[in-house]
Amino acid sequence: MKKDIVLTGDRPTGPLHLGHYVGSLVSRVEMQQKYDQFVMLADVQALTDNYENPQKVRENVGEVVLDYLAVGIDPQKTTIFIQSLVPQLFELTVYYLNLVTLNRALRNPTVKTEIKQKNMEENVSLGFVSYPVSQAADITAFKGTLVPVGQDQLPMIEQTNEIVRTFNRLYQTDVLVEAKAVLTKAQRLPGIDGAAKMGKSLGNAIYLCDSSKQLSEKVMRMYTDPGHVHVADPGKVEGNIVFAYLDIFDPEKEKVEELKAHYRRGGLGDVVLKKRLIEVLEAFLAPIRQRRAEFAGDRAQVMRIALEGSKKAEAIAANTLAQVRAVMKLDYIK
Ligand code: TRP
């Protein structure tokens, strides 16, 4: 049996947050022990809706690499690379674009949500609606078989596999390989405002690089139970964001159950409850902050890691591209 290959990426449009941690970073740290793993800074994908602000993308490439290193993604085990430094991906994208109808691209539920959220209905670009096709290139260039991502990325994997099947059937080949999404067991982490998803554009995120002060301010603003007005009132646990976080991050599960019972009975104030969450998140973030600060002391070294990874990634993508060109009768030079 062939060894699985893991590929994922992030758009570098801001530092990574707890939602990223729960949704994909934690599985990447685990998976690098067992598999060949590639983690991509999707700067070109980030530009599809940030083309007016390239400086933002540029700055965040460094921040996201720091986040990776801080959570324990190890460049000895994981190839960390920058998408734009692997131009083979964009040539693959052009070939794949022929295999996807415009209607199919417009049906992608994640793309639809983003178009609405970002008010792009009137003027959405071709680049933006086709980014899932480019993502198929990211995955297939490395023959990725496992893609640890959050729930919202499932449509991308589906689109990738449709392209793989169409390509292999049309050109009578098995050059491209289907991929499987790997979802973490944890449920999706809601935003501090109670929105279903944590996101930088939604302004409801707790970042891995937040200071203690920022962290406690955010927890204190967290959505609880609007019906829980007086400390003595019985409160609701379901839909209460503080409990959603405790469920995920508090290692003392029994204590969480006690807090839930107490909150339901009445007599447990939101402030006391939030102080417990601050304590839990501080303990979780402390070692991450510590490592981030160490790496941040040598930014040139951080960049070198990404550049070396990109060279390695380019060699692999070039190999897949050569196979693709051959089956597409584009192998003029052999
Ligand atoms: N679309 C992903 C996100 O927004 C980023 C991404 C780009 C990606 N290319 C990828 C994820 C390939 C997994 C595989 O987070």
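The values are calculated or read from the model by the stated rules, or taken from the named source; none is laboratory data. Every value quoted in this text rests on a predicted model; they were computed, and no experiment measured them. When we count neighbours, we look across all protein chains shown, and the Cβ atoms used for this are built from the backbone with ideal geometry, even at glycine. For the accessible areas, the whole protein counts, side chains as well, though only heavy atoms, and no ligand, DNA or RNA atoms are used. Shrake-Rupley method; radii C 1.70, N 1.55, O 1.52, S 1.80 Å.
Quick look at the values:
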read-out: Whichever residue in the stretch 298-334 is among the charged types (D, E, K, R) and surrounded by 12 or more Cβ atoms within 10 Å (Cβ to Cβ) and, among such residues, is farthest from Gly62 (Cα to Cα); value: Asp331
read-out: Residue that is modelled with the highest pLDDT, among those in the stretch 1-34 that are of a type in the set (A, V, I, L, M) and in a loop (DSSP other than H, G, I, E, B); value: Leu16
read-out: Among the residues listed as Phe167, Phe128, the single one being in contact (Cβ under 8 Å) with a residue 24 or more places away in the chain, open to solvent by less than 20 Å² (accessible area, probe 1.4 Å), farther than 20 Å from Gln83 by Cβ and away from the ligand (no atom under 11 Å from the Cβ); value: Phe167
read-out: Residue within the stretch 241-254 that is part of a loop (DSSP other than H, G, I, E, B) and more than 21 Å from His17 (Cβ to Cβ) present; value: yes
read-out: Hey, Leu183 in contact with a helix residue (DSSP H, G or I) (Cβ under 9 Å, 6 or more places away or on another chain), open to solvent by less than 40 Å² (accessible area, probe 1.4 Å), of a type outside the set (S, T, N, Q) and not assigned by TED's automatic domain parsing to the domain that holds Gly267 or not; value: no
read-out: Among residues of the stretch 101-119, those that are free of Cβ contacts under 8 Å to residues at least 12 places away in the same chain, surrounded by fewer than 12 Cβ atoms within 10 Å (Cβ to Cβ) and under 21 Å from the mean Cα position of the chain (by Cα), counted; value: 1
read-out: Helices (runs of 4 or more DSSP H) contained entirely in the stretch 35-139, each with at least 1 residues that are closer than 30 Å to Phe167 by Cα and modelled with pLDDT of 95 or more; value: 43-47, 88-97, 102-106, 109-117, 126-129
read-out: Qualifying residue in the stretch 152-161 (condition: assigned by TED's automatic domain parsing to the domain that holds Val39, in contact with a strand residue (DSSP E or B) (Cβ under 6 Å, 6 or more places away or on another chain) and within 24 Å of Thr79 (Cα to Cα)); value: yes
read-out: Cross-chain or 6+ apart pairs with Cβ under 6 Å, the stretch 198-211 first and basic (Lys, Arg), then open to solvent by less than 40 Å² (accessible area, probe 1.4 Å); value: Lys200/Gly14
read-out: Selection from the stretch 22-41 of residues that are touching a Phe, Trp or Tyr at 6+ places or on another chain (Cβ under 9 Å) and either within 17 Å of Gln153 (Cβ to Cβ) or open to solvent by less than 20 Å² (accessible area, probe 1.4 Å) (or both); value: Val22, Leu25, Arg28, Phe38, Val39, Met40, Leu41
read-out: Flag for Val237 being under 29 Å from the mean Cα position of the chain (by Cα), surrounded by 13 or more Cβ atoms within 10 Å (Cβ to Cβ) and in a loop (DSSP other than H, G, I, E, B); value: yes
